[in-house]
Each structure stands twice: as structure tokens, then as C-alpha cells.
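Reviewing the structure listed below.
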Amino acid sequence: MSNPLQPRPAVRNMAPYTPPTGNRAGKLRLDFNENTIGCSPRVIAALQRYLSADALTVYPEYMDAMRELASFFVVAPGELLLSNGTDEAIQVLINTFIDHGDDVLLLKPSYAMYRFYAEVAGADVREMEYREHDLAFPLEELLAAVRPETKAILIANPNNPTGTGVSVDGVRRILQAAPDAAVLIDEAYYEFSGVTVLPLLREYPNLFVSRTFSKVYGMAAMRCGCLFSNVENVRWMHKAQSPYSVNMLAAVAARAAVQDREYVANYVKEVLSARDFACDGLRKLGIPFYPSQANFVLFQAGERAIPIRDALREKGVLVRDRSYEIPGCVRVTIGTRGQIVRFLTELESLWIK
Ligand SMILES: Cc1ncc(COP(=O)(O)O)c(C=O)c1O
């Protein structure tokens, strides 16, 4: 009998990441920062038009999607890499530019997949903490932590789960302080914050920007994202990416999604107003929260974080416990005002018991 196979040490030693995605159907899903009303009907219509046995026999052809997405994002097609969600964008960036033992700077707490892929690659990960008092972006601390050998800095802007962000000027300072590092600005929640560094692409050869169709566009199941950088960087990443990692249904859906600007604008408007409403509601209940630039709000439930999460689930409302990384904190996704009324009503009934 042979011994069981052993994975690489980097894989053996990495922290597991298993998001709680089970049993969510039929509940009010305020736990994953998804769009809470679904994608534009134009996306469904485009998929229905596309679906045929003949279409499914063919390997993906991305040309039309690339051209239209590049035009929508106002970049050249060569500055865009289509990806299987932001997750693959992060993976391809790391596979292309990061070697075992390389210095990679992250922030804490932040989106888990940066650490995940950096650890799979065997990188040397250092994490700078968001400021304790208000969870503000630790710009000065990050700048001071950059070393000449730093190979990558991965930042969500605005950040998940804090909801806080860094300004365009702040990003410029990071890009200038780390000219030899790949600096990723993950703009998964851009539509809610309105802050983007995409126009800086041609100024900084070390800048990478990602966008996703999983959040405002309501297409998390499709797994589609875009990674932008200068033409040369994109060429290298293309070389390191599997040629058909984005399935054709996702490419068709993405094309249709960007055509319905009005749908997205209306949803953003609704969410921003519901976010104000949620913050007012939390204030009235005397529950502290962190002001957010995204479609979610992190609030302080203290020792009741997990019991509140569980009791809300019993009532059919899903929120996400984050107390394992920020003591006492729970994150609620902001949807429509009607959905937030329901969340606040259930929360109030539990809170004042
Ligand atoms: C900051 C951030 N980036 C990316 C993602 C996921 O993006 P995708 O579904 O495109 O892989 C998330 C999801 O929660 C996120 O919070």
C-alpha cells in the first residue's frame, strides 16, 4: 500500500475558506452582497436567444463581448482580460506576477480570496489592519510597510466587509510608493461608491483594476468579471490564463448586462436610499455601525452577533457574521427599501427583547 499523497506545503498550511452558501433559497438573502432583485430582464432574454444545442457545441468566442465591454468601460480591448469572476482575476494576476516567497501586502480584514490565492502561490503575506476606531483605510501605515521587494498589493475599494475606502489620491500615493509591485484595486462595489481609478490605467504601469458582474449586475452565478491593466501586463496575464475559463453564457450575459444602464442606475439609486434608511434604523435602535460606501453595512451587535444572525435566519432573513474578524460585527447587505424594512422590523423584535 502506498502512502496518501501529500499536497504542496503551501496548500497544507493555508487557512481553509468555506463561505456559508448552503440553504439560501427562498430566504431574504442579505448575506453575500448580491443584487437582491436579480439581473436585468435583458440578460435573461439574451441568454434565451442564445441557448441552442448548436451554440453549446462551440468553444467560446469572446471577440464581440471583448469589443463591447472594452467600449463600455472606455478602455482598449487589449487593456481588458475577461475572467471567471474577480476570483479568477486575482488568481491570474498572482499566477502571472507572484512567485513562492514573494512579498505580498494585503489589508485586514478584507476579501478572503486575496490571501487564499497568495497562500496557494506560497507568497510571503503581510497584512495591514484597518484602523481600529473607525475601520478607515490605513494609508500611512500601508505606505510605510511597502518594501523595495514588495511584489503585489491587493486592495478592495470600497473594502468588504468594512465598507470603507481609499481616495483616488491615496491610490496614486500607493502606486508611486510601490512602482515595482502589481497594485490591484478591486472595484467590485464601484457602482455604489462612485470612486474609480480606471482612468489612471495609462498613467501607472503597475495598476490593475477589477470589476465584477456578481454584485450590482445580479449575475453572481454566471461567474464573470473584468481585469484591466496596460496592454503589456494584460498580454502576460492572458498567457497565464486558461483559454476558455469564461463560459460563453457568461460572456453573452455580460454583453447584455452593460447595455441596460438604466436598470443598474435605478438599482443603485434604490440601494443608496435604502442604505440611508438602514443606517437611520440602526441609529434609532442604538446599534453602532460603520458608514459604508458599498451595498452593505457592518454593525456592532457585541456579544449578540452570532445569536442575532441565527435568530434572523429563523425568521428567513440572512445576514453575515463577521465577529471572527471584527469582534461583535455583523454585515447586512442593502437591497430595496422594502427588504430593509423587513430586516429592521425583525432586528428590532429581537434586539429589544
Ligand atoms: C471585494 C470583493 N471582490 C470580489 C468579490 C467576488 O467577486 P466575484 O464574484 O466576481 O468573484 C467579492 C464578493 O464578495 C468582494 O467582496
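Within region 195-215, take every residue that is within 16 Å of the ligand (Cβ to nearest atom) and more than 15 Å from the chain's Cα centre (by Cα) and give me the one that is surrounded by the fewest Cβ atoms within 10 Å (Cβ to Cβ).
198
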Looking for whichever is acidic (Asp, Glu), free of Cβ contacts under 8 Å to residues at least 40 places away in the same chain and outside any loop (DSSP other than H, G, I, E, B) here; the options are 132, 141. Which one fits? 141
How about region 283-301: which of its residues are touching a Leu at 6+ places or on another chain (Cβ under 9 Å) and part of a helix (DSSP H, G or I)? 284
Here are 250, 265, 254, 221: which of them is under 18 Å from the mean Cα position of the chain (by Cα) and surrounded by fewer than 15 Cβ atoms within 10 Å (Cβ to Cβ)? 221
Looking at residue 171, is it assigned to a helix (DSSP H, G or I), β-branched (Val, Ile, Thr) and buried (at least 20 other Cβ atoms within 10 Å of the Cβ)? yes
Could you count how many residues in region 52-91 are of a type in the set (Val, Ile, Thr) and within 28 Å of residue 120 (Cβ to Cβ)? 2
How many residues are under 19 Å from residue 60 (Cβ atoms), in contact (Cβ under 8 Å) with a residue 60 or more places away in the chain and within 12 Å of the ligand (Cβ to nearest atom) when one looks only at region 218-244? 6
Being without any contact (Cβ under 8 Å) to a residue 60 or more places away in the chain and within 23 Å of residue 305 (Cα to Cα) is the filter; apply it to region 21-50 and report the residue that is nearest to the ligand (Cβ to nearest atom). 21
Those residues of region 309-331 which are in contact with an Asp or Glu (Cβ under 7 Å, 6 or more places away or on another chain) and either outside the structural domain of residue 295 (by TED's automatic domain parsing) or surrounded by 19 or more Cβ atoms within 10 Å (Cβ to Cβ) (or both), in sequence order: 309, 312, 317, 318, 319, 320, 330
May I ask you to say which residue of 334, 306, 340 is at pLDDT 95 or above, in contact with a strand residue (DSSP E or B) (Cβ under 8 Å, 6 or more places away or on another chain) and crowded, with 17+ Cβ neighbours inside 10 Å? 334
Can you go through 87, 102, 134, 54 and tell me which one is acidic (Asp, Glu), out of contact with any Ser or Thr (no Cβ under 6 Å at 6 or more places or on another chain) and within 16 Å of the ligand (Cβ to nearest atom)? 87
Considering only helices (runs of 4 or more DSSP H) fully contained in region 1-120, which possess at least 3 residues that are surrounded by fewer than 16 Cβ atoms within 10 Å (Cβ to Cβ)? 9-13, 41-50, 53-57, 63-73
Note: among 279, 226, just one is at pLDDT 95 or above and part of a strand (DSSP E or B), namely 226
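The values are calculated or read from the model by the stated rules, or taken from the named source; none is laboratory data. The shown structure was predicted, so the numbers you read here are calculated from the model rather than taken from an experiment. Ideal geometry is used to build each Cβ from the backbone, glycine not excepted, and the neighbour counts take in all protein chains shown.
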